[in-house]
Every structure is written in C-alpha cells, then in structure tokens.
1. Hey, rough spin-label estimate for Ser130 and Asn166, points 7 angstrom out along Cα→Cβ, what's it come to in nanometres?
2. Using a cut-off of 19 Å between alpha-carbon atoms, which lysines can reach Lys115, once sequence neighbours fewer than 8 places away in the same chain are excluded?
3. For region 240-383, state the semi-axes of the equivalent ellipsoid (square roots of 5 times the eigenvalues of the alpha-carbon gyration tensor), sorted largest first and rounded to whole angstrom.
4. Under 12 Å from the Cβ of Ile116, count the other residues' Cβ atoms, weight Lys and Arg +1, Asp and Glu -1, and hand me the total.
5. Hey, with R₀ at 25 Å, roughly what FRET efficiency would Cys281 and Val240 work out to, going by the Cβ-Cβ distance, to 0.05?
6. Set the Förster distance to 51 Å, then compute FRET efficiency between Thr335 and Ile210 from the Cβ-Cβ distance, nearest 0.05.
7. If I take R0 = 22 Å and measure r between the Cβ atoms of Val48 and Arg86 in this structure, what FRET efficiency does the formula 1/(1 + (r/R0)^6) give, to the nearest 0.05?
8. Taking the Cα centre of region 254-335 as origin and charging only Cβ (+1 Lys, Arg; -1 Asp, Glu), how large is the dipole, in debye to the nearest 20?
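Taken together, the values in this text are just the output of simple stated rules run on the coordinates, not laboratory data. These figures come from a predicted structure and were not determined experimentally. When we count neighbours, we look across all protein chains shown, and the Cβ atoms used for this are built from the backbone with ideal geometry, even at glycine.
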Amino acid sequence: MRARNFVLSSVPTLALLVASGAAQAQSISTASIDAGAPNSDTAQANPVKFELLAGADKKEASVKIRLFDSLSNDLKNGGSSFDQSRQLTVTLSTPWDGENDAVPASLDKLASGTKIKFEFAFFGMETRNSTTPRQNEFSQKARRICISKANEGYAQRLGALGPTPNQESITAVNKTHAETISNCETDDSNSVITAFSKDDLPAYTRENLIEAGIGFSLDASIGHNKFEYIDPTNLTKQSVSKASWSAGASVRKYFASAPVMVSLSAEYQSGYKEGDKTIFCPAAVGPAPVVCIQGNAGAPVHQEGAVIRFNLRSRLLQKNGKSLLAISPLVSYDTSEDVWGAELPIYFIPGKDDSLTGGIKVGYRSDKKDVTFGLFIGAAFGM
C-alpha cells in the first residue's frame with residue numbers, strides 16, 4: 001500500500017524535480033571525485049546547496065551552507081605532497097508538509113522536526129608532484145588525437161579555399177594550423193586529455209595518488225518538534241513542543257584504484273518518539289452515535305542512545321567521463337531500540353557539469369518491517 005501511495009502522490013513532485021534539476025545542480029569536478037577524492041564543497045563556486053526529498057506521504061527540504069573552508073598543500077621529501085581540505089558547514093532541514101520523518105530508515109530521532117546541524121570536516125591525501133610513465137602514455141595518446149584532428153581540419157580549410165587560392169589565404173590557413181599543432185604539443189596534459197581522450201581522465205588523475213585519502217568529521221545538531229497526540233484518559237487532543245540534540249563523529253576511507261568511499265560513523269542522540277497511530281472510540285452514551293478519533297496514543301516518549309552507521313558511495317556507470325549512475329547504500333543500527341535500518345539512494349537524474357543531482361531512495365526498518373520509497377533532487381552526488 002505504501003508503494004502504491006508513493007507512486008500516486010509523487011508524480012507531480014517528480015515532474016517538478018526533473019524540471020528544476022539543472023537549475024539546482026552544483027558544479028562538480030568528476031576527475032577529482034573519480035580519483036578517490038571527496039566531492040568537497042570547496043571545489044564548488046556556489047557555497048549553498050539545496051535538496052528536496054519527497055517520501056510516500058511527506059516531504060523534507062534542506063539547505064547546506066558552507067561557512068568556512070581552507071585548502072593547503074604541504075610538500076614532502078621524495079617528490080610528493082600532502083593535500084588537505086577543511087571546512088565548516090551548517091545544514092538547516094525541516095519537513096515541507098506534515099511533521100513526519102521523510103527518511104525513517106536513517107533512524108534519525110531528530111528528522112521529524114526542524115533541525116540545524118553544524119559539521120567540521122577534514123580530508124587529506126598524498127599525491128605525486130611528477131608524472132608517471134602511465135600518465136605520459138595517456139598524454140601522448142591525447143596529443144596524437146589532437147594532432148590528427150588538427151591535420152583533418154587543415155585539409156578541410158585548404159580545400160575550402162577553392163582551386164585557385166591566393167597566397168594570403170594560404171598563409172592564414174598555414175598559420176592557424178601551426179598554432180593548433182603547437183597547442184596540441186604544449187598545452188598541459190590534463191587539458192588535452194579532457195578535450196581529446198576524456199575516457200582516460202579518471203585513470204590519469206588516479207595516477208597522482210600515492211595513498212588513498214582519509215577523512216573525518218565532527219558534527220552537532222539541535223532539533224525542535226511539535227507533537228500532537230490523544231490523551232487516553234479523556235480522549236482530548238493535546239500538543240507539546242520538545243527539543244532534541246545529537247553529537248557524532250565519522251571516519252572515511254577513499255580508494256585510489258576505484259571511485260569508492262566507505263565511512264563509519266557513530267552518533268549519540270537524545271530525542272522523542274511519538275506513540276503509534278490509534279483509533280479511539282468513547283463509550284456509547286444514549287442513542288447518540290459514537291464519534292471516533294484517530295491520533296498518536298499518548299505523549300511522546302524520550303529516547304536516547306547511540307546510532308552506528310556504515311555507508312558506501314560509488315559510481316557504477318560512466319561514459320566519456322560523464323557519470324550516469326551512482327549509489328550510496330547506508331546501514332544504521334540504533335543501540336537504544338535494537339533496531340536497524342537500510343536505505344539505498346540511486347542517483348541517475350543528471351545536472352550540469354557531468355554531475356548527478358537526484359534519483360530515488362528505497363528504505364527498510366527492522367521494527368516496522370515496511371519498505372519505503374522517496375525521490376530526491378538538488379544535492380549533487382559526491383564522496
């Protein structure tokens with residue numbers, strides 16, 4: 001039933017998401033991502049990212065703002081350097097309609113209300129300062145293609161001059177050809193490969209890595225939510241506001257041999273859980289019909305404990321350096337409730353600059369034993 005409701009209710013939302021995807025997408029460098037580096041906000045000109053998530057009967061909107069970032073490059077002995085990135089971000093999220101959690105499989109006790117999250121992230125990796133023989137092969141291949149295309153263009157331009165060209169026209173064509181050949185031979189390898197042999201760009205960039213990247217982050221969140229419930233003693237509707245908080249840390253590992261990242265995180269949460277939906281029917285009094293009401297049974301219950309999460313992010317399909325499909329499976333375990341959840345975002349909606357900015361999300365919780373579905377758009381895939 002949830003799957004059917006999801007499909008029916010999300011059709012207009014999906015149309016809106018697809019239409020607005022290009023406008024909301026951020027500029028991404030796929031070369032650095034595929035090399036095992038993270039999709040750092042510091043590599044993007046726009047410091048603000050917006051994301052919309054539509055679930056079966058609820059929606060959530062979030063905006064992520066980069067407050068601070070820094071990049072450094074420390075030279076080391078042996079022709080290498082250690083590249084570092086640090087950034088501080090704040091994320092604001094709130095339910096768009098309704099007050100339910102749009103991503104229940106994440107086991108986030110703060111997700112059903114408005115939340116503000118601060119996060120400090122660090123990333124570092126060791127890179128070469130000199131080219132490798134394999135990089136030289138990629139570079140020479142791209143330059144040969146460049147020269148071949150330049151010669152083809154030269155022959156076409158000469159032919160376009162007609163059977164009796166004047167010397168001035170021939171001189172101009174020769175000059176243009178000489179400049180083009182010079183550019184093929186002298187432009188930096190990254191530019192030439194990007195222009196003429198883009199399929200080799202991920203492998204060329206990965207050759208720069210000596211060791212895969214390592215990252216960690218620290219975060220803290222404060223949430224607020226208004227709960228409505230039915231008082232079982234007198235069957236009246238009540239409401240109460242509650243504040244929640246969480247603090248967590250994560251460590252991430254990036255692989256040089258493939259565009260893959262794995263992370264392990266732990267978060268301590270102090271939040272509230274609303275009661276189950278129940279139908280209350282008062283005792284019949286006289287001949288008047290009984291009017292039943294539906295709502296959450298009793299006031300929300302305070303809960304706290306640790307949530308442990310494991311996440312993998314990877315590109316599955318690329319063509320000509322452009323990402324076509326990516327996944328980010330996440331498994332979470334709540335130690336306080338002995339509940340686990342799993343979700344699988346699948347990115348396939350394209351944005352600009354070869355990025356993926358949306359897709360579908362499938363989730364499952366062991367306590368509810370129910371599969372949930374969602375659509376998301378806005379925040380570009382990164383690692």
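1. That separation, rounded to one decimal, is 5.4 nm.
2. Lys49, Lys58, Lys59, Lys64, Lys226, Lys242, Lys273
3. Working: eigenvalues 339, 87, 30 Å².
Over the Cα atoms of region 240-383, the ellipsoid semi-axes are 41, 21, 12 Å.
4. Values: positive: Lys64, Lys115, Lys117; negative: Glu119, Asp219.
Local net charge: +1.
5. Efficiency at R0 = 25 Å is approximately 0.60.
6. Numbers: r = 38 Å, r/R0 = 0.74.
After rounding to 0.05, the efficiency reads 0.85.
7. On the way: r = 19 Å, r/R0 = 0.85.
The calculated FRET efficiency here is 0.70.
8. Values: 7 positive and 5 negative charges, 132 e Å.
Here the size comes out at about 640 debye.
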